[in-house]
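The values are calculated or read from the model by the stated rules, or taken from the named source; none is laboratory data. It should be emphasised that the depicted structure is a prediction, and the values quoted were computed from it without experimental measurement. No Cβ is skipped: glycine too gets one built from the backbone with ideal geometry, and neighbour counts run over all protein chains shown. Just so you know, the surface numbers come from the protein's heavy atoms only, side chains and all, with ligands and any DNA or RNA stripped out. Shrake-Rupley method; radii C 1.70, N 1.55, O 1.52, S 1.80 Å.
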Amino acid sequence: MSEQASDPPTELVHLDVADGDHVAVATITLDSPHNRNALSRQLVTELFERLETAERDAAVKVVVIRSSGRVFCSGADLSEATSQGMEQGAREIVRLQRLIVAMDKPVVVEVGGPVRAGGIGIVAAADIAVAAEDATFALTEVKLGLAAAIISLTVHHRMNPRAASLTTLGGEVFNGVEAAAYGLVTKAVPGDQLAGEVRTLCASLATGAAQGLRESKRILNHDLLERIDAGGGEMAALSARLFASDEAREAMTAFLNRKK
């Protein structure tokens, strides 16, 4: 008897390119509800691939990253981290942030709901971030014996220093309005206006010429790109070491057991 073919893995990140007035906006949607869009290896790999596809599409002027459900991203996949470690995962998240920063096209994030830990690195890497006023953010790493290491490359570049200290050391929840005041997001709007605000913003960005957008983005992100290249390896190694520590493994296991 022949073996039954296994089902193909479910796609966790979708890419849709919509044309309007000869300008295309690429919308990339995180769709991994079973783990609240955690940064599993599959999700990070697919997000990287969708971004590369949008970058290669000459018709695309602007890229949007959003989520299909209420949660934007819950951070690192702790189940994977406890079973497989974070050596590879940390390097790949650094690489993902770098791609977002280095792309020739503006990247906009639409944050309608909770973002935690590593997911905040995606928000910070984007050129423009629009959040719902009641969206919630938290750098929860400190609660688990970890540190916001790999995402510090982008998060601490965006946030003002006092806000970075408060949120990184405290690990407490803050909302979209506070995220805007801290410099983490560009603006916060009422939740029912979020999608419309992002559409309007993308239409405005798309009026820029491709060369103008590319060169302007390179100027804006020059220092951030240097920061990632200089510190990415060190922060990935630190993150992997902390995830492998007894203190963090015990805290992560307890957290996962509480969720069950």
I'd like to verify a number: residues in region 119-145 that are open to solvent by less than 10 Å² (accessible area, probe 1.4 Å) and either within 14 Å of the chain's Cα centre (by Cα) or farther than 21 Å from G69 by Cα (or both), how many?
14
Could we say that A180 is in a helix (DSSP H, G or I), more than 22 Å from D104 (Cβ to Cβ), in contact with a helix residue (DSSP H, G or I) (Cβ under 6 Å, 6 or more places away or on another chain) and open to solvent by less than 60 Å² (accessible area, probe 1.4 Å) here?
no
Please specify each residue of region 188-201 satisfying the condition of being open to solvent by 30 Å² or more (accessible area, probe 1.4 Å) and assigned to a helix (DSSP H, G or I).
G191, D192, Q193, A195, E197, R199, T200, L201
Of the numbered conditions (1) in contact with a Ser or Thr (Cβ under 7 Å, 6 or more places away or on another chain); (2) touching a residue at least 60 places away in the same chain (Cβ under 8 Å), S79 satisfies every one except a single condition; which is it?
(1)
Select from region 105-164 the residues that are of a type in the set (S, T, N, Q) and under 25 Å from V63 (Cβ atoms) and list them in ascending order.
T136, S152, T154
If a residue has to be open to solvent by less than 40 Å² (accessible area, probe 1.4 Å) and part of a helix (DSSP H, G or I) to count, how many in region 202-215 make the cut?
4
Regarding region 98-114, can at least one residue be identified that is out of contact with any Asp or Glu (no Cβ under 6 Å at 6 or more places or on another chain), of a type outside the set (A, V, I, L, M) and in a helix (DSSP H, G or I)?
yes
Only residues that are in a helix (DSSP H, G or I), over 14 Å from G75 (Cα atoms) and open to solvent by less than 60 Å² (accessible area, probe 1.4 Å): list them for region 22-46, please.
E46
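Name the one entry in A102, A76 that is farther than 30 Å from A210 by Cα and among the hydrophobic types (A, V, I, L, M, F, W, C). Working first, answer last.
On the way: A102 fails: farther than 30 Å from A210 by Cα.
From the options A102, A76, the qualifying one is A76.
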Go over the candidates L256, L242 one by one and state the one that is closer than 22 Å to G121 by Cβ, touching a residue at least 24 places away in the same chain (Cβ under 8 Å) and surrounded by 18 or more Cβ atoms within 10 Å (Cβ to Cβ).
L242
Residue that is least open to solvent (accessible area, probe 1.4 Å) [pool: residues in region 216-236 that are among the aliphatic types (A, V, I, L, M) and without any contact (Cβ under 8 Å) to a residue 40 or more places away in the chain]:
A230
Step by step: first the residues of region 50-67, then only those that are surrounded by fewer than 16 Cβ atoms within 10 Å (Cβ to Cβ) and in contact with a strand residue (DSSP E or B) (Cβ under 8 Å, 6 or more places away or on another chain), then the one that is modelled with the lowest pLDDT. Which residue is that?
A59
Check V185 against each of (1) open to solvent by 30 Å² or more (accessible area, probe 1.4 Å); (2) closer than 22 Å to G75 by Cα; (3) not in a helix (DSSP H, G or I) and name the one condition it does not meet.
(1)
Would a scan of region 117-129 turn up a residue that is in contact (Cβ under 8 Å) with a residue 60 or more places away in the chain, outside any helix (DSSP H, G or I) and of a type in the set (A, V, I, L, M, F, W, C)?
yes
